[in-house]
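The values are calculated or read from the model by the stated rules, or taken from the named source; none is laboratory data. Only a predicted model underlies this, so the values are computations on that prediction, with no experimental measurement involved. Cβ placement follows ideal geometry from the backbone for every residue including glycine, while neighbour counts extend to all protein chains displayed.
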Amino acid sequence: MTELVLIRHGQASFGAADYDVLSPLGHEQSRALGRALKAQGLRPDSLWIGAQRRHRETLEGIAEGLGIDATSPSIHPGLNEFDFTGLLEARFRDRDRPAGLHDDRATHFRMLRDTVLAWQRDEIADPPESWDAFATRVRAARDAILSAGSEKGAIALAVSSGGAIGRMVAEAMEAPAAQMIHLQLQIRNCAVTRFRSGRTRTYLTGFNETPHILQETGHLLTYS
């Protein structure tokens, strides 16, 4: 059985011109998680990321904390986040948009939740990616990572985003599609979710773990 240690990226730059960059706190979270995983004795056999900058920056910080080389991770586009900005724009293309849609956290995430549910029901015209395409590529990433482990007990460490992780969890639990966004909004920055491959299915063995957050490092707890 191969274990997939799937990590959400560190805090990115919400409200900035380029969201796809870790904040200073995001870099700190990544290094702290690496140190915590090292203390647990984790030694990954393979490293994976999506094609987004925040994934690579997070892996670099984790690798620094773990004391491993992360210069050549495998890249799988199925680990990329869905285009939430494009999805919101598509939904509000021909209607008035709420004030603070992209810069007020409460408004943004409330609208994101409702928009994802509409996306899943195919109620958004011309989205940047269909729901089925998103779900298919996330499943392809999971299967590619779990099947790449050639030795029994291999450990793959991958960095992804909340939507892709939420989708993997929902599918492993055989939960309705709508549960994806509810799971996604719970996932902390640099949280660890774990899967194991079985003969006929993939098992969820851990969700939203934050071994890098202790009483003295509580400032590292963020969700966006």
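Among residues that are in contact with a strand residue (DSSP E or B) (Cβ under 6 Å, 6 or more places away or on another chain), surrounded by fewer than 15 Cβ atoms within 10 Å (Cβ to Cβ) and free of Cβ contacts under 8 Å to residues at least 60 places away in the same chain, Ala51 is included.
The residues in segment 189-203 that are in contact with a helix residue (DSSP H, G or I) (Cβ under 9 Å, 6 or more places away or on another chain) and closer than 23 Å to Gln29 by Cβ can be counted, and the count is 6. For segment 78-105, the tally of residues that are surrounded by 12 or more Cβ atoms within 10 Å (Cβ to Cβ) and within 23 Å of Arg54 (Cβ to Cβ) stands at 18. Please go through (1) farther than 20 Å from Arg137 by Cβ; (2) in the same structural domain as Arg8 (by TED's automatic domain parsing) for Leu59 and return the number of the only condition it doesn't satisfy. Single failed check for Leu59: (1). Restricting Arg43, Arg35, Arg8 to those that are farther than 18 Å from Asn208 by Cα, touching a residue at least 40 places away in the same chain (Cβ under 8 Å) and basic (Lys, Arg) reduces the list to Arg43. Checking each residue of segment 191-200 against the condition of being within 11 Å of the chain's Cα centre (by Cα), buried (at least 20 other Cβ atoms within 10 Å of the Cβ) and not hydrophobic (A, V, I, L, M, F, W, C) gives at least one match. Output the residues belonging to segment 146-161 that are surrounded by 24 or more Cβ atoms within 10 Å (Cβ to Cβ) and either of a type outside the set (S, T, N, Q) or assigned by TED's automatic domain parsing to the domain that holds Ala118 (or both). If the condition is that a residue be surrounded by 24 or more Cβ atoms within 10 Å (Cβ to Cβ) and either of a type outside the set (S, T, N, Q) or assigned by TED's automatic domain parsing to the domain that holds Ala118 (or both), then Leu157, Ala158, Val159 are the ones that fit. For segment 127-168, filtered to residues that are without any contact (Cβ under 8 Å) to a residue 24 or more places away in the chain and not acidic (Asp, Glu), the residue that is farthest from Leu33 (Cα to Cα) is Ser130. With respect to the conditions (1) among the hydrophobic types (A, V, I, L, M, F, W, C); (2) surrounded by fewer than 22 Cβ atoms within 10 Å (Cβ to Cβ); (3) in contact (Cβ under 8 Å) with a residue 24 or more places away in the chain, Ala70 lacks only one, and its number is (3). For segment 115-127, does any single residue satisfy the condition of being modelled with pLDDT of 95 or more, over 14 Å from the mean Cα position of the chain (by Cα) and under 17 Å from Met168 (Cβ atoms)? Checked against the condition, which is being modelled with pLDDT of 95 or more, over 14 Å from the mean Cα position of the chain (by Cα) and under 17 Å from Met168 (Cβ atoms), segment 115-127 yields at least one hit.
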